[in-house]
1. Once the Cβ-Cβ distance between SER221 and ALA121 is put in as r, and R0 is 41 Å, what FRET efficiency do you end up with, to the nearest 0.05?
2. Could you sort the peptides 107-117, 139-149, 204-214 by per-residue average Cβ neighbour count (10 Å cutoff), highest mean leading?
3. Taking 22 Å as R0, compute the FRET efficiency from the Cβ-Cβ separation of ASP55 and SER180 and round it to 0.05.
4. Report the percentage of all Cα-Cα pairs in the range 239-326 whose separation exceeds 21 Å, rounded to a whole percent.
5. Using Cβ counts within 10 Å as a stand-in for footprinting exposure, how do VAL175, VAL199 rank, fewest first?
6. Give the long-range amide H neighbours of SER66: residues separated by 5 or more places, or on another chain, with amide H under 5 Å away, using H modelled in the peptide plane at 1.01 Å from N.
7. Pull out the extension gain between ALA381 and TYR138, defined as 0.36 nm times the separation in residues minus the alpha carbon to alpha carbon distance; nm, one decimal.
Amino acid sequence: MQAIFSTRRCAGLTLGLVSLAFSATAVAAAKDKIRYTFPVWPTQTGTYGGPLAADPSGNLYGTSDSAGAHTCPDAPCGAVVEYTPPTGGSGAWQSRVLYSFTGGADGAYPTGRVLIDPSGALIGVAISGGVETEQEPYGLGTVWRLSPPVNGTRSFSVLYAFQLTDPIDTPFDGVAEDASGNLYGVAEALTQAAGTGAVYTLKPDNGAYAMSILHAFVNYSDGTAPTNLTLSGTTLYGITLAGGGNVQCENNSDPGCGTVFSLSTSGTFKVIYTFTGANDGGDPVGDPVVDASQNVYVQTAWGGANTYFGTIDQVTPPVHGNNWGLNVLYTYDGFEGGTVGLSPGMTLGGNGVLYGTTYMGDGDNGENPRNGDIWCLTPPARHGSAWSWKPLYLFEGSCGGDCGARSPSHSAMDGDLPAVPPTFGLGGALYGTTNFGGKNGNGIVWSLKVK
């Protein structure tokens, strides 16, 4: 295991940002551009619940688990939202609710990444609703679809509703789709086995979808609590929050510090790395990122050389033999280097540069409030040299001396506490959201121009 990181400038980075009428602490005089400020909760668009997805026209799509026109039972059931860029490239972005969940057969509380399939349909997961029974009066969740627009209107349908007779429980995160239209996702629990989660697949079957288990996690050796998947060709790469060994990680009640696994779409499973909670980190979080050479990039929320703040790791495929390797590319320090916190996930850009957000740094220090940043991590020009980590934008929002307690009334015009990985969209810019800040305190959609 080799630690290779530094804090030098990111190579090949050009900031072309438009500043608005607010002041912000920024690196290299960078400003982000507010695309849309979430209104006061609870309303049609509410606060944000997952990463944005961008279509070829630059429209952005996302979900909110605390918005919509219906109540479940004492809060909004959630909604799918579209953000549309201005015609001609200038003016205000617009937002509209594409669908409001009712909490019934359609589902409730959409979460995770929205998938845009080749036809332009939107596919996602809701963690509640669906099939209601006496034992599960609120349902176990659904996989849903919004059809491509016809005359500006999309049709909603449920592809699959989970129920007690299934071998898995509530779905988690979004789904991935292969070239044949099969869907893949993770569930955090098993209802009919002494297990801790599974990877499931939904295959088209005479106009419906048939669900089956691709891999069940039934002991701690292969991991426990799978949380995120990425599909590369015919191989799924995923992480488990815990399991993989007997080491007790600080943030886990289960043994083991987590794993990275590969799983072919035909069902061949392999643990490719087991975390120790030492310099390599522990408690992996977020969607794995896979490059063209099948290197897998993963963030951890614990461990590393600074003990508490996590790492960015590169899991490398075997050159000789069957063992995958690991390089520690960056170790968070909780201060200038930030911490993973609640904003796991990265995006791969050109030239192998990784982009991501940190939820906050030393936010509990009133003299040095940190409310999250956008960063890049650049590979070295020479193999084996240090990767270069650099913050691109520091959000201004004040913690008020307590980053652990937040309310929708908290406001910072440029946003506060980014909570999802960024997405490349219109004009090659990065787009993302914050949990708080903005005019109404409920967060913003931001963009940052990089090159």
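Since every read-out is calculated from the coordinates, none of them should be taken as a lab result. Note that the structure is predicted; figures quoted are calculated from it, not measured. Glycine also receives a Cβ, built like all others from the backbone with ideal geometry; neighbour counts cover every protein chain displayed.
1. That gives a FRET efficiency of 0.60.
2. 107-117, 139-149, 204-214
3. For R0 = 22 Å, the calculated efficiency reads 0.50.
4. Above the 21 Å cut-off, the range 239-326 has 26 percent of its Cα pairs.
5. Ascending number of Cβ neighbours within 10 Å: VAL199, VAL175.
6. When sequence neighbours closer than 5 places are left aside, the close amide H contacts are THR47, ALA79.
7. Gain on extension, ALA381 to TYR138, equals 82.1 nm.
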